[in-house]
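K.L.:
Next up is a structure, given as structure tokens.
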Amino acid sequence: MMATSTHSQPITLDAVVVGAGFAGIYMLHRLRKLGLRARVLEAASGAGGTWFWNRYPGARCDIESMQYSYQFSNELQQSWEWKERYAAQPEILEYANHVIDRFELRADIQFNTRVHSAVFNESASQWLVTTETGEAFKASYCIMATGCLSTTNTPHFKGHESFKGEWYHTGQWPPAGVDFTGKRVGIIGTGSSAVQSIPLIAEQASSLTVFQRTPNFSVPAYNQSLDLEYVKKIKANYEAYRKLGRSQLLAYDFSLNPKTTAELSPEEFEATCEYHWALGGLNFYGTVADMLISPEANQIVGDFVRRKIREKVNDPAIAALLTPKSVIGCKRICADTNYYETYNRDNVNLIDVSQSPIEEITAAGIKANGIEYACEAIVLATGFDAMTGSLNRIDVRGKDNRSLKDKWSAGPRTYLGLTSAGFPNFFIISGPGSPSVLTCMITSIEQHVEFISDCITYLRDRGLTAIEATVEAEDQWVTHVNEVAAGTLFNSCSSWYLGANVPGKPHIFMPYVGFPPYVQKCDEVVASGYAGFELRAA
Ligand code: NA7
């Protein structure tokens, strides 16, 4: 049985890990292998992180299942059998739990435990982590595996408390599911969560009214059952396939046309668009090499999708509303099953709230553009306070009692997206300033977990008790992350990558563009004996 503590009687560990998603699960496995006493603290009643909470209808990963999985154990990747090209949320959750049980990790994961604060004691070189119920843990290392898309963005709408019907947020969906049969449903938002759930809610509800502020680009996923021969072929050479994935910019294998716009005739350009469209899903990022660099290339690719939308949607006025004017790929492209086609149904209504925001929520529905739309249920598909939201909810205090939230008030500052100056022995898995959300998350997570466990081994082998990023290294890294992003079109729209979806959040491009150069930089840092860090003995 797991030992419990109180604030006055903290439990002493080597490492505390916050969060039992894919990052926390693998981190615990590695810490155990080092022989360390570690515990994972998780707010939810089960493991899986983002995949625990996002149970909305149609929730599915947009990276193929043969790649969206751990690669640290060949036995694991050989034995697990995915059912579909893109795994649905229940299957991903089942996989997370399988990994926990396979590696006997459950005994060190404490569920229903929300962390309130993490405070560094400099003289003891130790973190004191306390929970909302007053439990406390002392540990040399504090590792945040709190996830990038885990704190929901719930906009405040005037009058929301007066609504008499049911409310749901896609990112906090009830585990028992929701039956919309015969109900008039309103959904706010048209990002990936909405694009996946709208076709299924529309099939159940008596009517579905979609409130759209900004249309998104979506490409067909072409999901299907996995072909056994295809799986066999990958498994016969899984390591090579994984290596290929890691060598790509987004840390997964997709079909990339190496040619740029200047090297393609108009006919060839059209052919590469059709080819990548037919491949399905995020392969569409590979249409042309300069799609996210050259505005001309982006315009051509975007126009191709705009044409496809017009072909799919019967009513030209609805098609026009659904057609994004923005840069394609600036916000993550959605991968759908029947999204645009759903607007041809008689029971689906699209309301444009781009010119004037939703006015209020009334007792009976949603009021926009002076009209009240009756709803018995409202779905908020309004996204997340991404990348920094969950970290900022915890009162993290480093040297001199300095708060991480205060330090990051003008935007997150990290060295390598892994550490922050002034916060010794504090690690963030897939933090801002690392490739994280632009990549196959599990691959990025594994790279970070291995960096952290190797770093802890290095310190212990040398009798060192603390590692801390220097301010100079951090400043240079933040500048570098921004310079790399500035060479792309990622800054040209109001995306959650920039923090632009949450009112008052500083607008800073948070992820690092490019997995291979990032890994190379991390490897160089390690090879040089942790350049950019200060290492200290007791
Ligand atoms: P997203 O992509 O952030 O989408 C949220 C949607 O909600 C988006 O269409 C927003 O419009 C809309 N939104 C947010 N606030 C409002 C208000 N106040 N009024 C109207 N509409 C609003 O979140 P998702 O959960 O769909 O996807 C997140 C990631 O998960 C996705 O990128 C994939 O990586 C998986 P906006 O565009 O801000 O005008």
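K.L.:
For every helix of n ≥ 4 consecutive DSSP H residues, a contribution of -39,500 (n - 2.57) applies; sum these over the chain, divide by its total residues, and give [θ] at 222 nm rounded to the nearest 500 deg cm²/dmol.
P.N.:
Dividing the helical sum by the residues of the chain leaves -9500 deg cm²/dmol.
K.L.:
Related question: Starting from the Kirkwood Rh over alpha-carbon pairs, what translational D in µm² s⁻¹ does the chain have by Stokes-Einstein at 37 °C and 0.692 mPa s?
P.N.:
In µm²/s, the coefficient is 135.
K.L.:
Local charge sum around S409 (other residues, Cβ-Cβ under 12 Å, Lys/Arg +1, Asp/Glu -1)?
P.N.:
My count for the surroundings of S409 gives +4.
K.L.:
If one takes the longest principal axis of the Cα atoms in the chain, at what angle in degrees, from 0 to 90 and to the nearest 10, does the Cα axis of helix 471-486 lie?
P.N.:
Around 20 degrees separate the two axes.
K.L.:
Let me ask something else. Given the C-alpha atoms of the range 277-376, compute the convex hull and give its volume per residue in Å³.
P.N.:
129
K.L.:
Please turn the phi angles of the range 244-256 into ³J(HN,Hα) values with the Karplus equation 6.51 cos²θ - 1.76 cosθ + 1.60 (θ = phi - 60°), one per residue in order, whole Hz, x for glycine and proline.
P.N.:
3J(HN,Hα) across the range 244-256, in whole Hz: 4, x, 5, 7, 9, 3, 9, 6, 8, 7, 9, 6, 9.
K.L.:
For the chain, find the longest principal axis of its Cα atoms and tell me its angle to the long axis of helix 192-204, 0 to 90°, nearest 10.
P.N.:
Long axis of 192-204 versus the principal axis of the chain: about 50 degrees.
K.L.:
Using Cβ-Cβ distances only, list the Cys residues of the chain with no partner cysteine under 4.7 Å, sorted by number.
P.N.:
Cysteines of the chain left without a disulfide-compatible partner: C61, C142, C148, C273, C334, C375, C440, C455, C522.
K.L.:
Considering only C-alpha atoms, what is the centroid distance from the range 416-481 to the range 184-222, in Å?
P.N.:
37
K.L.:
Let me ask you something else. If I stretch the segment between M2 and E274 completely, what's the gain in nm (0.36 nm per residue apart, minus their alpha carbon distance), one decimal?
P.N.:
92.3 nm
K.L.:
Sticking with this one: For a quick check: sort I456, I328 by the number of other beta carbons within 10 angstrom, fewest at the front.
P.N.:
By the 10 Å Cβ count, ascending: I456, I328.
K.L.:
Taking amide H positions as placed 1.01 Å from N in the peptide plane, with prolines and chain starts having none, which residues 5 or more places from Q126, or on another chain, fall under 5 Å of its amide H?
P.N.:
N121
K.L.:
Quick one: 3J(HN,Hα) in Hz for the range 30-43, Karplus 6.51/-1.76/1.60 with θ = phi - 60°, rounded, Gly and Pro as x.
P.N.:
5, 5, 4, 5, 7, x, 8, 8, 9, 9, 9, 9, 10, 5
K.L.:
Mind checking the angle between helix 89-102 and the chain's longest principal axis? C-alpha axes, 0 to 90 degrees, to the nearest 10.
P.N.:
20
K.L.:
Something else now. Summarise the long-distance tail of P(r) for the range 339-381 by giving the % of C-alpha pairs beyond 15 Å.
P.N.:
50
K.L.:
Which pairs, out of K235/K521; K33/K138; K331/K505; K164/K367; K83/K183, put more than 24 Å between their alpha-carbon atoms?
P.N.:
K235/K521; K83/K183
K.L.:
Same structure, new question: If amide H atoms are built 1.01 Å from N in the plane of the peptide, which residues on other chains or at least 5 residues away come under 5 Å of the amide H of F533?
P.N.:
The list, which skips near neighbours in sequence, is T470.
K.L.:
Moving on. Provide the percentage of antiparallel DSSP beta bridges, counting only those with both residues in the chain; round to the nearest 5.
P.N.:
40
K.L.:
Report the Rg/Rh value for the range 159-311, based on alpha-carbon coordinates and the Kirkwood definition of Rh.
P.N.:
1.06
K.L.:
Sticking with this structure for a sec: Listed highest first by mean packing, meaning other Cβ atoms within 10 Å per residue, what order do 405-411, 226-232, 416-422 come in?
P.N.:
416-422, 405-411, 226-232
K.L.:
Now for a separate question. Would you grab the residues whose amide H sits under 5 Å from the one on S495? Only those 5+ places off in sequence or on another chain, please, with H modelled 1.01 Å from N.
P.N.:
A500
K.L.:
How big is the C-alpha Rg of the range 93-252 next to the rule-of-thumb value 2.2 N^0.38 Å, as a ratio?
P.N.:
Here the Cα radius of gyration is 1.47 times the empirical estimate.
K.L.:
Please state the shape class of the range 262-330: rounded when a/c is under 1.5, otherwise prolate if a/b exceeds b/c and oblate if not, all from the C-alpha gyration tensor.
P.N.:
Prolate, since a/c reaches 1.5 and a/b exceeds b/c.
K.L.:
Spelling out what I want: for every residue of the range 457-470, take phi, set θ = phi - 60°, compute 6.51 cos²θ - 1.76 cosθ + 1.60 (Karplus), and round to whole Hz; glycine and proline get x.
P.N.:
Residue by residue, the range 457-470 yields 4, 4, 5, 5, 4, 9, x, 8, 10, 8, 10, 8, 5, 7 Hz.
K.L.:
Relative contact order for the range 407-530: what percent, with Cα pairs under 8 Å and sequence separation of 6 or more?
P.N.:
31
Quick note: the coordinates plus some simple rules give every number you see, no bench work behind them. All values reported here derive from a predicted model rather than from experimental measurement. Ideal geometry is used to build each Cβ from the backbone, glycine not excepted, and the neighbour counts take in all protein chains shown.
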